[in-house]
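To start, the structure under review is shown below, and the notes come after it.
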Amino acid sequence: MIRIAVLPGDGIGREIMPPTVEVLKTIGRRFDIRFEFKEAPVGGAAIDATGRPLPPETLAVAKESDAVLLGAVGGPKWEGLDYSIRPERALLGLREALGLYANLRPAVLSAELVDASPLRRDVVEGTDIMVVRELTGGIYFGHPKGIEKVDGPGGEERGVNTEVYTTHEIERIARVAFEIARRRRKRVTSIDKANVLESSELWRRVVIGVQKEFQDVELRHMYVDNCAMQLIKDPKQFDVIVTTNMFGDILSDEAAQVVGSIGLLPSASLGDATIELKGGGRKGLYEPIHGSAPDIAGKDKANPLATILSAAMLLRYTLGHEAAAAAVEQAVTAVLRAGSRTADIAGPGTTPIGTAEMGRLVVARIEQKGAVRVA
Ligand code: NAD
């Protein structure tokens, strides 16, 4: 039994989640996997219901589950609230409570959507990158931090943040990157700024040490400024990129833009906890990279594919079920190849379909394949 916490959240989160759960149920029937889904409020919806973005009941559901499927949180209704109780705080709370330190963001260019990329076809075609970003350390969390008054004219102030990494934090994220590379093209590029920062000097030294456990995987190093250029110049050179929290934040958005639409990009956040299952992997949280898109919420216009592809990552990284993950990804590819598009990816002259219809088409593809397999 695989227990999945379903946290739809706000805005389009509530529209993209039902088709995704339907996809998993269909996969369950086809591959004989038993899922148990438990839904709970998070973000603005939870604030409205309980006054808190991550109520203890929701956190308990997440902790008891093998994986968390999250829609998106936030919206104009809650923007005036104090930062400590904003919907987005729920994301930090979940990451912290579940010990999710590795953020995986694939940037894969679907052959059907080459024209959605701002780059030339010959540069971008075939791009398939996995960005592995450290999620719980680095400058976003390091101390000292804050804004303080200093002596000087006109109320001079000083803002401080600290980039800090320990050996242990670097080792565990490097290990995740090497493990993933082993299942892909066996090539890790570690991104740092070791020519300037001591924290990067340690990062590089520790990553080199971890590679000794993964001699079948090739390792190279690149400075972050060069990586920002190389992603545009020649994105196909990358397989797995591993980097710090802040560099990863920026580079993963850049890589996402290289391959086009925000409505298509999934993500996974993994920790050390493993699940009890043959072939099972790490407990994780899976979510699309986009937000709650208040401008199109409630209009059946949202693209559910990023969330559906996040469910495919759940099958791959939590269940260790490659065939089930591939079945979802192939169904999405088949639907796109047949020309079906939601409004965000519909080119001129294409009539867009809605969220629910896109979900139905993916489910139908998975069922079709199942029928062929049984026959
Ligand atoms: P957004 O990602 O919600 O939307 C940006 C643009 O992309 C909008 O025009 C939107 O319509 C479009 N878009 C996003 N997802 C789409 C989809 N699946 N299909 C079609 N179009 C899609 O970013 P934003 O507008 O900056 O933020 C809106 C709210 O979401 C804010 O409250 C923000 O804090 C929150 N947010 C949450 C998360 C999260 O839950 N992980 C991430 C980012 C932003």
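PRO18 meets all of the listed conditions (1) assigned to a helix (DSSP H, G or I); (2) within 12 Å of the ligand (Cβ to nearest atom) but one, namely (2). Could you check region 1-15 and list, in sequence order, the residues that are in a loop (DSSP other than H, G, I, E, B) and away from the ligand (no atom under 15 Å from the Cβ)? Within region 1-15, MET1 is the sole residue that qualifies.
Within region 283-318, the set of residues being of a type in the set (Val, Ile, Thr) and under 17 Å from SER261 (Cα atoms) comprises ILE289, ILE296, THR307, ILE308.
Taking residues in region 287-303 that are farther than 18 Å from ALA255 by Cβ and more than 6 Å from the ligand (Cβ to nearest atom), and partners anywhere that are hydroxyl-bearing (Ser, Thr, Tyr) and outside any loop (DSSP other than H, G, I, E, B), the pairs with Cβ atoms closer than 8 Å and at least 6 places apart or on different chains are ASP300/THR355; LYS301/THR355. Being crowded, with 21+ Cβ neighbours inside 10 Å and either closer than 13 Å to ALA46 by Cα or modelled with pLDDT under 90 (or both) is the filter here; which residues of region 76-96 pass it? If the condition is that a residue be crowded, with 21+ Cβ neighbours inside 10 Å and either closer than 13 Å to ALA46 by Cα or modelled with pLDDT under 90 (or both), then PRO87, ALA90, LEU91 are the ones that fit.
No other residue among VAL328, VAL332, VAL363 is within 16 Å of the ligand (Cβ to nearest atom) and either at pLDDT 95 or above or touching a helix residue (DSSP H, G or I) at 6+ places or on another chain (Cβ under 7 Å) (or both) apart from VAL332. Within 19 Å of the chain's Cα centre (by Cα) and either outside the structural domain of MET313 (by TED's automatic domain parsing) or not β-branched (Val, Ile, Thr) (or both): does that describe GLY138? Answer is yes for this residue. Of the helices (runs of 4 or more DSSP H) contained entirely in region 30-130, those carrying at least 3 residues that are away from the ligand (no atom under 16 Å from the Cβ) fall at 56-64, 121-124.
When THR318, THR342 are checked against the criterion of being buried (at least 20 other Cβ atoms within 10 Å of the Cβ) and more than 29 Å from VAL176 (Cα to Cα), a single residue qualifies: THR342. Flag: ARG205 does not match the condition of being in a loop (DSSP other than H, G, I, E, B) and either surrounded by fewer than 20 Cβ atoms within 10 Å (Cβ to Cβ) or touching a residue at least 40 places away in the same chain (Cβ under 8 Å) (or both).
Annotation note: Cβ proximity below 8 Å between a residue of region 65-76 that is closer than 13 Å to ILE289 by Cα and a residue that is of a type in the set (Val, Ile, Thr) and away from the ligand (no atom under 12 Å from the Cβ) (sequence gap 6+ or interchain) occurs for LEU69/ILE4; LEU69/VAL6; LEU69/VAL21. Here ALA324 passes the criteria (1) more than 18 Å from ARG3 (Cα to Cα); (2) surrounded by fewer than 24 Cβ atoms within 10 Å (Cβ to Cβ) except the one numbered (1).
A single entry from GLY271, GLY281 fulfils the requirement of being of a type in the set (Gly, Ala, Ser), surrounded by fewer than 24 Cβ atoms within 10 Å (Cβ to Cβ) and within 18 Å of LEU94 (Cβ to Cβ): GLY271. Is there a residue being part of a helix (DSSP H, G or I) and touching a strand residue (DSSP E or B) at 6+ places or on another chain (Cβ under 7 Å) anywhere in region 276-296? The answer is no; no qualifying residue exists.
Here is a yes/no grid of residues against (1) under 20 Å from LEU270 (Cβ atoms); (2) touching a strand residue (DSSP E or B) at 6+ places or on another chain (Cβ under 9 Å); (3) surrounded by fewer than 21 Cβ atoms within 10 Å (Cβ to Cβ); (4) of a type in the set (Phe, Trp, Tyr):
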site	(1), (2), (3), (4)
ILE4	yes, yes, no, no
GLY11	no, yes, no, no
MET17	no, yes, no, no
ILE33	yes, yes, yes, no
PRO41	no, yes, no, no
GLY51	no, no, yes, no
ALA60	no, no, yes, no
GLU64	yes, yes, yes, no
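The values are calculated or read from the model by the stated rules, or taken from the named source; none is laboratory data. For clarity, every value in this text was computed on a predicted model and none was experimentally measured. Every residue, glycine among them, receives a Cβ derived from its backbone with ideal geometry; neighbour counts consider all protein chains shown.
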